[in-house]
Amino acid sequence: MTIRVLVADDQAMVRGGLRLILEDQADIRVVAEAADGAEAVALARELRPDVCLVDVRMPRLDGLAVTRALAGPDVADPLRVVVVTTFDTDEYVFGALRSGAVGFLLKDAGPALLVEAVRAAHAGDALVSPSVTVRLLRTLRDRVPARTPARPLSDRELEVVRAVARGRTNREIAAQLFISLSTVKSHVSGIQTKLGLRNRVEVAAWAWEHHKVD
């Protein structure tokens, strides 16, 4: 299956570079480029790409506004947005993920991590640049009020939560806990339902809020 990607960045050279990296992969195709936020929203709604790569600073609408429009809490059928930026600040990281992004990647992270982030988003996982992950989750823990689950999590679900909070993919969790991939997916879905959360990044944030990980 080919992963269809939209690239939104106000610099043509950056868009071209991202396209070259992504289309060097047999399973990824860039279906559209946008030079500003408003164009990104319009193209994404029209084409429904599998993954949207969105820069933070763009004309007309910035990346956070684009993320909210495509993946925010009020969006009925959200798209998968990965924010790609040069700006490693808590404001942008926190804002992007709370706006509905499933990933946050620094532009200097390298081609391999970019490709991994696209594949992770398409698979329903999340990827945040390792250099900001721990700081990000601690920030979320400090800023976001803890929420109590409607139903308590089981011991196995707590194990999955801790693994998610440490950035493990579904396959890595399955191997770590000696369970099937489908069982991991079922646990993650059940955890999100119990906690009233939309994605794995919010699950990780919940784990830090409740001091479930060190």
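The values are calculated or read from the model by the stated rules, or taken from the named source; none is laboratory data. What you see is a predicted model, and the numbers here were worked out from it, not measured in a lab. Cβ coordinates were reconstructed from backbone atoms using ideal geometry, including for glycine residues, and neighbour counts include every protein chain displayed. Calculation scope for accessible area: heavy atoms of the full protein, side chains included, ligands and nucleic acids excluded. Shrake-Rupley method; radii C 1.70, N 1.55, O 1.52, S 1.80 Å.
When segment 140-158 is filtered for residues that are at pLDDT 70 or above and in a loop (DSSP other than H, G, I, E, B), the ones remaining, listed by number, are ARG151, PRO152, LEU153, SER154.
Is there a residue being surrounded by 21 or more Cβ atoms within 10 Å (Cβ to Cβ) and acidic (Asp, Glu) anywhere in segment 8-22? Yes, segment 8-22 contains a residue that is surrounded by 21 or more Cβ atoms within 10 Å (Cβ to Cβ) and acidic (Asp, Glu). Selection within segment 192-210: residues that are within 11 Å of ALA165 (Cβ to Cβ) and among the β-branched types (Val, Ile, Thr). The member of this set that is farthest from the chain's Cα centre (by Cα) is VAL203.
Comparison of ALA96, ALA69, ALA76, ALA44 shows that the only residue that is more than 20 Å from LEU197 (Cα to Cα) and of a type in the set (Gly, Ala, Ser) is ALA44. In segment 159-189, the qualifying residues are those that are outside any helix (DSSP H, G or I) and under 18 Å from the mean Cα position of the chain (by Cα), and the one that is surrounded by the most Cβ atoms within 10 Å (Cβ to Cβ) is THR169.
Look at segment 96-108: where a residue is in contact (Cβ under 8 Å) with a residue 12 or more places away in the chain and under 14 Å from ARG57 (Cα atoms) and a partner is open to solvent by 20 Å² or more (accessible area, probe 1.4 Å) and hydroxyl-bearing (Ser, Thr, Tyr), sitting 6+ places away or on another chain with Cβ atoms under 6 Å, you get LYS107/THR86. Quick check: is even one residue across segment 27-48 closer than 28 Å to ALA165 by Cα, without any contact (Cβ under 8 Å) to a residue 24 or more places away in the chain and either open to solvent by 30 Å² or more (accessible area, probe 1.4 Å) or in contact with a Lys or Arg (Cβ under 6 Å, 6 or more places away or on another chain) (or both)? Within segment 27-48, not a single residue is closer than 28 Å to ALA165 by Cα, without any contact (Cβ under 8 Å) to a residue 24 or more places away in the chain and either open to solvent by 30 Å² or more (accessible area, probe 1.4 Å) or in contact with a Lys or Arg (Cβ under 6 Å, 6 or more places away or on another chain) (or both). Does ALA101 satisfy the criteria of being assigned to a helix (DSSP H, G or I) and not β-branched (Val, Ile, Thr)? Answer is no for this residue.
Of all residues in segment 56-72, exactly one satisfies the criterion of being under 7 Å from GLY100 (Cβ atoms) and open to solvent by 60 Å² or more (accessible area, probe 1.4 Å), namely ARG68.
Residues that are modelled with pLDDT of 95 or more and more than 21 Å from GLY110 (Cβ to Cβ): list the strands (runs of 3 or more DSSP E) wholly contained in segment 1-85 that include at least 1 such residues. Of the strands (runs of 3 or more DSSP E) lying wholly inside segment 1-85, those with at least 1 residues that are modelled with pLDDT of 95 or more and more than 21 Å from GLY110 (Cβ to Cβ) span 3-8, 28-34.
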